[in-house]
Structure formats: structure tokens, C-alpha cells
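Working notes for the structure below.
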Amino acid sequence: MKKLFIILGFIAAILSVIIAVTPLSNLAVAPIIVAFISGLIVLFLSKKQKTKTKTIQYIFLLVIISLSLTIYKGVFFTTEVGDTEQLEQRDEENLEDSKEILEDIDIDEGF
């Protein structure tokens with residue numbers, strides 16, 4: 001049981017660090033929570049069994065790193081929305097092109 005939560009904690013912590021580095025750093029919150037909870041569970045299981053493990057410290061270290069990166073990116077980087085008129089025109093042109101292509105297709109009704 002303890003090994004399961006250790007593995008789950010490490011996978012979630014490493015995943016959260018990887019996601020925190022990417023531009024989608026807001027999505028790193030879910031793996032951070034999973035890693036933190038599994039780290040707490042491993043901590044309580046270790047206290048019951050009276051064993052000391054370094055893995056708990058590593059899990060919490062990775063959680064702190066990813067949480068700090070996520071908070072840093074959330075505070076200092078803002079997403080800018082560009083000119084949406086060009087995107088809307090491109091969508092309308094694509095829609096018109098699609099209609100023309102569909103009109104040009106001949107469908108034989110007889111099999």
C-alpha cells in the first residue's frame with residue numbers, strides 16, 4: 001500500500017514539474033494536489049510503521065518546485081489576446097471554401 005502511494009506521488013510530482021515548465025502551467029495544479037495528498041498518506045503510513053523514508057522529502061520537494069513555478073508564471077506572465085478580427089475573417093473564408101468544395105462534389109444516387 002505504501003509503495004503504491006510512493007509511486008503515485010512520484011509520478012504526479014514529476015508530471016506537475018513538467019507541466020509547470022510548459023506554457024500550460026495552470027494545468028499543473030491537479031498533479032500537485034495528487035502528489036501532495038499521496039505524500040501525506042505516505043507520511044502517515046511511515047509514522048504508523050515507524051520507518052523513515054527520504055522519498056517523502058523528494059515528493060514534497062518536487063511539489064514545492066512545481067507549485068512555485070506555477071505561481072511565478074501565474075503572477076508574472078499574462079496571456080495576451082491578439083487581433084481576433086483576422087481569425088474571424090479566416091474562419092469565414094474557410095467556411096466559404098468548405099461550402100464550395102461540398103457543392104462541387106457529385107454524389108451518385110444509384111448503386
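The values are calculated or read from the model by the stated rules, or taken from the named source; none is laboratory data. None of the values given here were measured: they were computed from a predicted structure. Note: accessible area is taken over every heavy atom of the protein model, side chains too, but ligands, DNA and RNA are not part of it. Shrake-Rupley method; radii C 1.70, N 1.55, O 1.52, S 1.80 Å.
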So A20 clears everything in (1) at pLDDT below 90; (2) in a helix (DSSP H, G or I) except one condition, right? Which one? (1)
Out of the residues in segment 45-99 that are open to solvent by less than 100 Å² (accessible area, probe 1.4 Å) and not in a helix (DSSP H, G or I), state the one that is modelled with the lowest pLDDT. G82
